[in-house]
1. Name the residue, out of C:171, C:209, that is outside any loop (DSSP other than H, G, I, E, B) and acidic (Asp, Glu).
2. For the range B:240-251, indicate whether the set of residues that are assigned to a loop (DSSP other than H, G, I, E, B), more than 19 Å from residue A:230 (Cα to Cα) and within 9 Å of chain A (Cβ to nearest Cβ) is non-empty.
3. How many residues, within the range D:182-214, are surrounded by fewer than 24 Cβ atoms within 10 Å (Cβ to Cβ) and within 20 Å of the chain's Cα centre (by Cα)?
4. Within the range C:228-239, can you find the residues that are under 30 Å from residue A:223 (Cβ atoms) and either within 11 Å of chain D (Cβ to nearest Cβ) or among the aliphatic types (A, V, I, L, M) (or both)?
5. Among the numbered conditions (1) in contact (Cβ under 8 Å) with a residue 60 or more places away in the chain; (2) farther than 22 Å from residue D:204 by Cα, tell me where residue D:184 comes up short.
6. Cβ-Cβ below 7 Å, separation at least six or inter-chain, first residue in the range B:93-108 and within 11 Å of residue B:313 (Cα to Cα) and small (Gly, Ala, Ser), second modelled with pLDDT of 95 or more and surrounded by fewer than 24 Cβ atoms within 10 Å (Cβ to Cβ): which pairs?
7. Are any of the residues in the range A:295-304 in contact with a Lys or Arg (Cβ under 9 Å, 6 or more places away or on another chain) and surrounded by fewer than 18 Cβ atoms within 10 Å (Cβ to Cβ)?
Protein chains: 4
Amino acid sequence: MIVIGIIGYGYWGPNVLRNFYNNKDVKVLACCDTDNMRLRKVKELYPDLKIFNDYREITRNPKIDAVAIVTPVSTHYEIADDAVSNGKHIFIEKPITSLSSEAETLIARSEKSKKIIMVDHTFLFTGAVKKMKNIIELDELGEIYFFDSVRVNLGLFQHDINVVWDLAPHDISVMNYLIPKKAVSVSAVGSGHINEHIEDIAYLTVNFDNSLIAHFHLNWLSPVKIRKTLISGSKKMLVWDDLEADEKIKIYDKGVDIETREGSYNLLVKYRSGDMWSPQVENIEALKLETQYFVECIKNNIKPFNDGVAGLEVVKILEASDKSIKNGGKKVCL
Amino acid sequence: MIVIGIIGYGYWGPNVLRNFYNNKDVKVLACCDTDNMRLRKVKELYPDLKIFNDYREITRNPKIDAVAIVTPVSTHYEIADDAVSNGKHIFIEKPITSLSSEAETLIARSEKSKKIIMVDHTFLFTGAVKKMKNIIELDELGEIYFFDSVRVNLGLFQHDINVVWDLAPHDISVMNYLIPKKAVSVSAVGSGHINEHIEDIAYLTVNFDNSLIAHFHLNWLSPVKIRKTLISGSKKMLVWDDLEADEKIKIYDKGVDIETREGSYNLLVKYRSGDMWSPQVENIEALKLETQYFVECIKNNIKPFNDGVAGLEVVKILEASDKSIKNGGKKVCL
Amino acid sequence: MIVIGIIGYGYWGPNVLRNFYNNKDVKVLACCDTDNMRLRKVKELYPDLKIFNDYREITRNPKIDAVAIVTPVSTHYEIADDAVSNGKHIFIEKPITSLSSEAETLIARSEKSKKIIMVDHTFLFTGAVKKMKNIIELDELGEIYFFDSVRVNLGLFQHDINVVWDLAPHDISVMNYLIPKKAVSVSAVGSGHINEHIEDIAYLTVNFDNSLIAHFHLNWLSPVKIRKTLISGSKKMLVWDDLEADEKIKIYDKGVDIETREGSYNLLVKYRSGDMWSPQVENIEALKLETQYFVECIKNNIKPFNDGVAGLEVVKILEASDKSIKNGGKKVCL
Amino acid sequence: MIVIGIIGYGYWGPNVLRNFYNNKDVKVLACCDTDNMRLRKVKELYPDLKIFNDYREITRNPKIDAVAIVTPVSTHYEIADDAVSNGKHIFIEKPITSLSSEAETLIARSEKSKKIIMVDHTFLFTGAVKKMKNIIELDELGEIYFFDSVRVNLGLFQHDINVVWDLAPHDISVMNYLIPKKAVSVSAVGSGHINEHIEDIAYLTVNFDNSLIAHFHLNWLSPVKIRKTLISGSKKMLVWDDLEADEKIKIYDKGVDIETREGSYNLLVKYRSGDMWSPQVENIEALKLETQYFVECIKNNIKPFNDGVAGLEVVKILEASDKSIKNGGKKVCL
């Protein structure tokens, strides 16, 4: 039985608590939040839990094996550092920290104490992303040409982070998971309309060491909600539309065949067009699978694939994005 | 009666010829193309037309008042310059020229000879763009926050120009028409997969002197066809989906109201959500209206709004885009 | 404070209980079900409730003012009759009874005892239906030409009632609410594939005393889920797509204008086509509003519009549908 | 070389003429129409054709092998009879005749004179219908449960036939082609709003000798255009959406598995849900293929599958539909 404490009960915390609570290998011992209203809610739903205002009541409780940190990103490092120092495994919200250097410190300390850090990139546990991972591993798409992601809607405005930090961690973590290539540079542009200091719309490009290009449109000011990713490869092409109820993934047997390459003017490009196929995707709550995986990693001493290093890779891109935006879209090397 | 000669009978030329031919104020005298197969087709459909291989038979024919130049962009300047030098009015395909300096020369010469240059930015004559122009002029959207355009599909690959020069002129001309603000800088990224020297996917950002941001996704390698533009303003938001049969434009009574601005942490953002409205748009062939407008401009000595200067503005952005792509997305001032 | 007992805690019961429980003017005293597993669930979520297996513990409890009957339709009459006989107000699932004669008996008895019967036609309390009611009352559509409803998907198979009794009550209640005309006859066809005695696909037509025609496609065997209603009138036309997240109702300024009617060969039909408009609809849980309305009706002695008579009208059409199906689509008068 | 004459140059005639004209095995000799404006149009586009007002100039011309009859249905019999009597092969618009008895006469006479009658059920030559035929022949769907077709839009009103005769021939011919079962009875309901004597909205049910049921919604008064057919079988289910640009056919690996059938209350129904697959469909003009097939049938003395008998089957259902509508939906045996 793994004993877990939950730190933070805001927007996402209730889901994390519920999933750990319903895991038969877990005992959730306590939950803390600075807001007493929220704690009262915890007590109503889970009368057996201890509640605290101070997270140290959890990070320093010797009965607790692991903590889930579900607080604003600006507080992640302080809390996670305290938890690691006290020998806890950590399940932490994305992005892992506000600075890549903080993530590096946490990684180093957790490795030393042989504790697990798992960053909650929930999307990696959805049926759609798992199916795409499988398709790409089977080389169905061939060489990947581009990864184009659009995540836009009206709101939910954040006051402490910009739209890139708010929305892009989802898509960057998916890209890093699906495409086993190292990003080498980033360029980004953005603009703040509601608060000029906080970008509410941004475009982020990630470059690799070949012609692969990844691009992310992140937007809090769109009249319509779009959650669509295009991934084109030399063999097949894929569309992931997360708002589709039933057909989230569509694979197109489409492409371009090059007949000759003796010179750009002699290049004979032929289009290939075939069937479309929409595989069924698993429909289990992603967070349930992820929290189960966290427990298994602890029990079997496995390094999770969504570990601190995976979280750090995301933060590096977010940091580079901020830097590039400040420099008018200038390329920032990673 | 305006006497017109058509230069070029490839992909778009047949439409230009047909529209001028059917205009009762026009006599189409001749058509030229270097390809005799195409000329034979002209002769079949329009037995009364003279056909030539050399464009000079048209530009230097004293009976001809105006020429339509519907050839590859690399040939535009030479032909247009010869036409202007011979005192012809010019209807020319977009983009006007390969270099902004060439466009400037053409503009100067045509002004001197008091002849009209009209650049064929056909989209400006569609019912959808005219309706959006009307909506924006009535200030229905309020202050424009962003202009986001996606124009992607599989192919049609070009061998002499990249995807930006191929597809973006449409969207840039629409942006310039709808938003009466001067673009100040451009940053762009792109990548070539089929031919590494010719970008087949690119992202272009245009900046203005305020927080307005425009962005263009241009792609020859997408599995799905998308032609969608989002325009958000402080009052209302608009989506233009050119692939919709009936509801091309949707206006959302949605937005963000700011209650206080005493500091970014005290900012109270409120979402406003209301009805959606899809105005009917005129359904007349845009090129028919544009060619009629060309004839009227000649007859009444009117300077067209889609004149050489409008064409030059587009080329400047295309040039800056190329420069920025070569420099890894660095901002290029206009 | 109205004291309420809940009878039945299967598929829909939990929603009814929760809504009454959260109503500040209501005290839910007890819940009964024949299934002890379900009762245990009730006790977990609502430890203060009394639980019973026998509904008579509720219908005959003098402390209880009103009962909610959320059981299979075949049990409705027996339970409701016992409740009415014991002076309770009744909130009852649709369809009110299996036979119209049973409904008539209940109505007569409840009128005698001056108690309320409200039939849970939840859809009438959705934002979409309320908005359509409003539009039709304002005569925006003009004379209604037809009401065409499609409610199809794969499953949920019922073992005791056919697809008409399962799905049509929703749409018939909406039709009766929106169109203040008396249905005069019904014809229906259907077919059972999984169980030949129970229609799993059926088409129902309802006729009125003018050219208005209503039609319902009900289907448990469709590969895709469709919930779409078309209502065309002489002035405007409306589409209600209940699966749309944001634009559930679209009103089309479209129609047919008749120029002359001197004879069918001289009839000049002109199409009118204008803007489309999608009004925002209220987004409050319909059952919350309906349960509040039930409480208000009791408190203020109001006859609800979705009363026993409204429920009876629906059952009459369902009965006629069965009769017509058995007679190969023969028209059955109401 | 087959010599063909075209009778009728209204809405569809130009397509028939063009396709025969472009067929290298055909010489189109003449075209007739009662409207001289139309004949002038013919002369402009095809100066080599002879034009007439009287169809007998074509049916009785000994140089002509075959005639295409593209006139209003009320004139079909007279013209076709004259053509058959004069030994011509016939390509005739759907529906073949206004009365089934007329069709029977034509069939008998053409058989006697060993001439071909082909009814222009163009849809049978579309890529979508050919693909569905192929899927059903491979028994991919299993036993067919239902065929549900919706063909609705605003207009195009006809003055001499109702909406069933106007629109249903398409869908009935597709049903007859795809489902090799004999329809046994028909019931239909309908209503006329613009002209009370001509139904502008109708619902048609076709019954077979098993539980298979076919249904057609035909409507000239719908605010939206829908062209959608659902075909569910015991193995798989199919949706044909003719308005989709790219994915016209979708096949769902969905269904219902029955575990036991000892009695309706013990029936265990299990839903099966798997991948969706959208096969590419051929994109060649259907009428081109059909006119080629007509020529091949003549040359090789083949009886076409869309012959007079196929046309007769459609007319029988249309006749029965009229009869049923007049009798309030009463079942009419075929």
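The values are calculated or read from the model by the stated rules, or taken from the named source; none is laboratory data. Predicted model only: the values in this text are computed from it and were never measured. Heads up, the Cβs are rebuilt from the backbone with ideal geometry, glycines too, and the neighbour counts pull from every protein chain shown.
1. Working: C:209 fails: outside any loop (DSSP other than H, G, I, E, B).
Residue meeting the stated conditions: C:171.
2. Taking the range B:240-251 and keeping what is assigned to a loop (DSSP other than H, G, I, E, B), we get B:242-248.
Keeping just the survivors that are more than 19 Å from residue A:230 (Cα to Cα) gives B:242, B:244-248.
Those left that are additionally within 9 Å of chain A (Cβ to nearest Cβ): none.
Looking for residues that are assigned to a loop (DSSP other than H, G, I, E, B), more than 19 Å from residue A:230 (Cα to Cα) and within 9 Å of chain A (Cβ to nearest Cβ), one finds none in the range B:240-251, hence no.
3. 7
4. The first filter runs over the range C:228-239 and keeps only residues under 30 Å from residue A:223 (Cβ atoms), leaving C:228-233, C:235-239.
Listed by number, the residues that qualify are C:228, C:230, C:231, C:232, C:233, C:236, C:237, C:238, C:239.
5. Among (1) in contact (Cβ under 8 Å) with a residue 60 or more places away in the chain; (2) farther than 22 Å from residue D:204 by Cα, residue D:184 violates only (2).
6. B:100/B:312; B:100/B:316; B:100/B:319; B:103/B:312
7. Yes: one or more hits.
Here's the yes/no breakdown for (1) at pLDDT 95 or above; (2) of a type in the set (Val, Ile, Thr):
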| position | (1), (2) |
| --- | --- |
| D:21 | yes, no |
| D:25 | yes, no |
| D:45 | no, no |
| D:64 | yes, yes |
